[in-house]
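The values are calculated or read from the model by the stated rules, or taken from the named source; none is laboratory data. In this text the structure is predicted, and so the values were computed from the model without any measurement. Cβ sites come from the backbone with ideal geometry, for glycine too, and all protein chains shown count toward neighbours. Areas reflect the complete protein model, heavy atoms only, side chains present, ligands, DNA and RNA absent. Shrake-Rupley method; radii C 1.70, N 1.55, O 1.52, S 1.80 Å.
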Amino acid sequence: MATIHKSGFGRAKVRAAREHSPPAGSKNQPHGFRIAGVQMASGPNVSANLNEAGRLIEMAAAEGAKLVALPEYFAIMGMRPTDKVKGRERDGDGPIQAFLAETAARLGIWLVGCSVPMETPVDGKIFNSCQVYDDTGKMVSRYDKIHLFSLDLGKEKFAEQGTIEPGKHVKVVDSPFGRIGLSVCYDLRFPELYRAMKDVDIIVVPSAFTETTGRAHWEALVRARAIENLSYVLAPAQGGYHLSGRETHGDSMIVDPWGTVLDRLPRGSGIVSAWVNPAYQASLRKSLPALTHRAIHRI
């Protein structure tokens, strides 16, 4: 039987049962676990954003999700780029990090929070930080966004390098759910980043794609990263209109290693969730061993 969920617009969203997503109550459920992504349209008020994020994380946990990821800039989408710099936090100290740690521990889930604006040695800049907390509330990994977005379409301009210092290290997390590769938004356009992760079981891509670039490229890029790495991709996104006047594309999705979109949410606040079946992933990698056929690095 299909399961009915409510989107941010209050419309019923029906997810058909799939062979890798067993129906509730099945006595012969395959080994696996549920993951979820949160979609928001964040604003400049950190407290309000944290409250909304908390509500949606609890919704995902109630569905049985053991790994939940938030979108880029979930805690603050300011009126101007410098707003996030004013809200920067020190390592292990600040309301955003405290929220992530407390929520993960209280709900007994692994939680991916992005972005946490972290201080840098460079005045006027932050690291766009993606942090992973385990089910005890301990931060087990932090990835600082490497690729910084810029766009100039005349009236629509972005230049992240003005307020963000790029990270320098690829990060993969060993977890109860397998190896999780961390990336953020614009990183999605650089497949060499994911190749540098080696074999990963789940790729997380918290994002805030613009409506312009998202409409053109978002789904194609997310599905490509899943297919070429034979990996699940968890891609939570900002989706809607923001007080600053910015419009983000949304379309948060979860994609399986074959490139099939398991769940998606076009716009508004809400969640996407899906069942991850490691046995299914292993069978695909055995049938199509493309990851073992990499040759360019040997030439």
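Points worth noting:
- For the residue pairs Lys86/Lys198; Lys66/Lys286; Lys84/Lys138; Lys157/Lys198, the C-alpha atoms sit more than 32 angstrom apart in Lys86/Lys198; Lys157/Lys198.
- Residues whose placed amide H lies under 5 Å from that of Phe149, excluding near-sequence neighbours: Glu160
- Label separation (Ala48 vs Ile296): 4.5 nm, computed from points 7 Å beyond Cα along the C-beta direction.
- Distance between the stretch 94-127 and the stretch 234-265 - C-alpha centres, whole angstrom: 21 Å
- At 1.002 mPa s and 20 °C, Stokes diffusion of the chain via Kirkwood alpha-carbon radius, µm² per second: 112 µm²/s
- The residues Asp135, Asp263, Asp201, Asp152, sorted by heavy-atom accessible surface at 1.4 Å with ligands and nucleic acids left out, run Asp152, Asp135, Asp201, Asp263 from largest to smallest.
- Projected label distance in nm at Asp83 and Tyr241, using a 7 Å step from Cα toward the beta-carbon: 1.6 nm
- An oblate overall shape is assigned to the stretch 236-299, the ratio a/c of its alpha-carbon gyration tensor axes (a ≥ b ≥ c) being 1.5 or greater and a/b not exceeding b/c.
- Subtracting the Cα-Cα distance of Arg189 and Asp152 from 0.36 nm times their residue separation leaves 11.6 nm of extension gain.
- Gyration tensor verdict on the stretch 180-276 (Cα atoms; rounded if a/c is under 1.5, prolate if a/b is larger than b/c, oblate otherwise): prolate
- Gain on full stretching of the segment that runs from Lys138 to Asp123 - 0.36 nm per residue minus C-alpha separation: 2.5 nm
- Dipole moment magnitude, nearest 20 debye, the stretch 204-299 about Cα centre, only Lys, Arg, Asp, Glu C-beta charged: 360 debye
- Here the Gaussian network model covers the chain, with springs between Cα atoms less than 10 Å apart; of Ala75, Ala36, Ala224, Ala224 fluctuates the most.
- Taking 4.7 Å between beta carbons as the limit, the unpaired Cys residues of the chain are Cys185.
- Local electrostatic count at Arg294 - Lys and Arg +1, Asp and Glu -1, tallied over other residues with Cβ under 11 Å: +1
- Protein accessible area in the stretch 56-204, 1.4 Å probe - carbon and sulfur %: 52 percent
- Of the whole protein surface, Thr212 contributes about 50 Å² of accessible area at a 1.4 Å probe radius.
- Secondary structure note: in the stretch 82-190, about 90% of the DSSP beta bridges are antiparallel.
- Gaussian network model of the chain, springs between alpha carbon atoms under 10 Å - residue of Ala226, Ala104, Ala279 with greatest fluctuation: Ala279
- Distance between the stretch 31-62 and the stretch 131-183 - C-alpha centres, whole angstrom: 18 Å
- The residues of the chain have, on average, 45 Å² of accessible surface per residue, using a 1.4 Å probe with all protein chains present.
- Put simply, the amide H of Asp263, placed in the peptide plane, has neighbours under 5 Å in Ile254, leaving out anything fewer than 5 places away on its chain.
- Within the same chain, aspartates and glutamates fewer than 8 places from Lys171 are excluded, and of the rest, those with a Cα less than 13 Å from its Cα are Asp144, Asp187, Asp199.
- Under-5 Å amide H pairs with Gly167, H placed in peptide plane, nonlocal only: Lys145, Ile146
- Among the protein heavy atoms, those of Arg294 account for about 50 Å² of accessible surface (1.4 Å probe, every chain in place).
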